[in-house]
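The values are calculated or read from the model by the stated rules, or taken from the named source; none is laboratory data. These figures come from a predicted structure and were not determined experimentally. Note that we place each Cβ from the backbone using ideal geometry, even for glycine, and neighbour counts take in every protein chain shown.
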Amino acid sequence: MRRAAAVSIAAVALAGCGGGANSLSGGGGGTTATAAGGGTRTVIERVQVIKPVTVPGAKGFDPAVVYQRAAPGVVTVISVFPGSSLTQLLGGGGSGQEGLGSGFVIDTKGDIATNAHVVTTGTGAGLKRATSVFVQFEDGNQVPARIVGADPNADVALIHVDAGGLTLRPLVLGDSRQVVVGQPVAAIGSPFGEPQSLSVGVISGLNRSIDSLNKFSISNAIQTDAAINHGNSGGPLVDAQGRVLGINSQIQSTGGGGEGVGFAVPVASVQASIAQLMSKGRVDYAYVGVSSVPLFPQLAQHLGLPVDHGALIQTVTPGGPGERAGLKAGTKSQTFQVSTYQVGGDVITAVDGRPLNRQSDLSDAIAGRQPGERVTLEVYRGGKKLSVKVTLGARPNSSGGGK
């Protein structure tokens, strides 16, 4: 949190003899000014009060209470791939921890959310589903599960078990758009195959960008220092009330273990994926067919651009929607502040009138659309402002990071 001191602004008007010495003295009812010519005048003091930032759950965060609320709805997911067996996975052999993950119950009908990479293997067009999936519950029950669908773009999967004879405890979904850095959170899952394990920490960063299973970016990922290790994938990141804020998905590590930098897919993205997986077994994403970097004021000034925020186009996919609409990529490399950019291309500054100010704004604006929809892009080409209409395509199976 940032702290700002209160600022006092005193406006003093003195009518004294020129060259006289002035002094300020504090009175019981305020501040008075004594002039060299005699007499006093009351000085009005205006105080600007900076309100403290309220961090949700910072007070009263009780890990034991959070665990009691959320743990009964967390499961271990065991995926069997060609060349491995259930016995090998549980014993640490075969294909190893990639076959073990976590998940959580989302309703009483038997639907369970997890990561796509827990129940699939490979990337892009080579993505393959597990041959068998089993789910272990907190009470010791272990049952087979069916893969309803997997969304490699958001790294989300929906699996289903027969609810007969099971006690299912769905977790409540929270609102990942309301989280703040410093908010206490807990991760529950099966790290290294140890079921129902709890780790606690805080949200240490927001609006992160992480890779999906087909090399597109997952935007608005939540960063946490709660320990996340292999096997936590697919489990929930929860708040002080045990509400799900995201699905634990990735770690950033130099040694292969949790080092205080983990990432969760935000629950808003999870909900959007689950809704389509339930209705049609797949998730369709709109696609412009460009890759871009965020424009910032210093870079804009260096390049002589008339705008200081937006998406500077680096590449345009041949034959894609962007190329058909006439979007132009940079044609010349230039280094600025140790980064290399393709310059001379278009700068997208708004989508349907919505300004692009953050790194993920272009991805977010397109992610909310469907293939076949038409959008209007505000584009600057050199010093000229253009309006470009793009009919969005369907995102392909694999990409180098385009939108």
- Query: Given the structure, is Ser273 polar (S, T, N, Q) and in the same structural domain as Thr224 (by TED's automatic domain parsing)?
  - Reply: yes
- Search result, residues across region 169-195 that are touching a Pro at 6+ places or on another chain (Cβ under 9 Å) and not β-branched (Val, Ile, Thr): Arg169, Leu171, Ser176, Arg177, Gln178, Gln183, Pro184, Ala186, Ala187, Gly189
- Item | Sole exception among (1) in contact (Cβ under 8 Å) with a residue 40 or more places away in the chain; (2) within 30 Å of Ala157 (Cα to Cα); (3) out of contact with any Pro (no Cβ under 9 Å at 6 or more places or on another chain) for Arg358, by number | (3)
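Based on what the data block shows, is Val135 at pLDDT 95 or above, part of a strand (DSSP E or B) and of a type in the set (A, V, I, L, M)?
Yes.
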- Item | Subset of region 347-391 [in contact with a Lys or Arg (Cβ under 7 Å, 6 or more places away or on another chain) and within 19 Å of Ile218 (Cβ to Cβ)] | Leu362, Ser363, Ala365, Ile366
- How many of the residues making up region 286-342 are within 26 Å of the chain's Cα centre (by Cα), assigned to a strand (DSSP E or B) and not aliphatic (A, V, I, L, M)? 10
- Note on the structure: Filtering region 361-382 down to residues that are under 21 Å from Gly326 (Cβ atoms), assigned to a loop (DSSP other than H, G, I, E, B) and modelled with pLDDT of 85 or more yields Arg369, Pro371, Gly372, Glu373
- Query: All but one of (1) under 21 Å from Ser217 (Cβ atoms); (2) in contact (Cβ under 8 Å) with a residue 40 or more places away in the chain hold for Glu323; which doesn't?
  - Reply: (2)
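Hey, could you check region 179-212 for residues that are in a loop (DSSP other than H, G, I, E, B) and either under 16 Å from the mean Cα position of the chain (by Cα) or small (Gly, Ala, Ser) (or both) and say which is surrounded by the most Cβ atoms within 10 Å (Cβ to Cβ)?
Ser190
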- Task: Return yes or no: is Arg358 in a helix (DSSP H, G or I) and under 27 Å from Gly393 (Cβ atoms)?
- Result: no
- Quick one: how many residues across region 131-146 are out of contact with any strand residue (DSSP E or B) (no Cβ under 8 Å at 6 or more places or on another chain) and exposed (fewer than 12 other Cβ atoms within 10 Å of the Cβ)? 2
- Have a look at Ala268, Ala226, Ala264 and point out the one that is in a loop (DSSP other than H, G, I, E, B) and in contact (Cβ under 8 Å) with a residue 12 or more places away in the chain. Ala226
- Task: Restrict the check to region 272-285 and report whether at least one residue is within 15 Å of the chain's Cα centre (by Cα) and closer than 30 Å to Ile112 by Cα.
- Result: yes
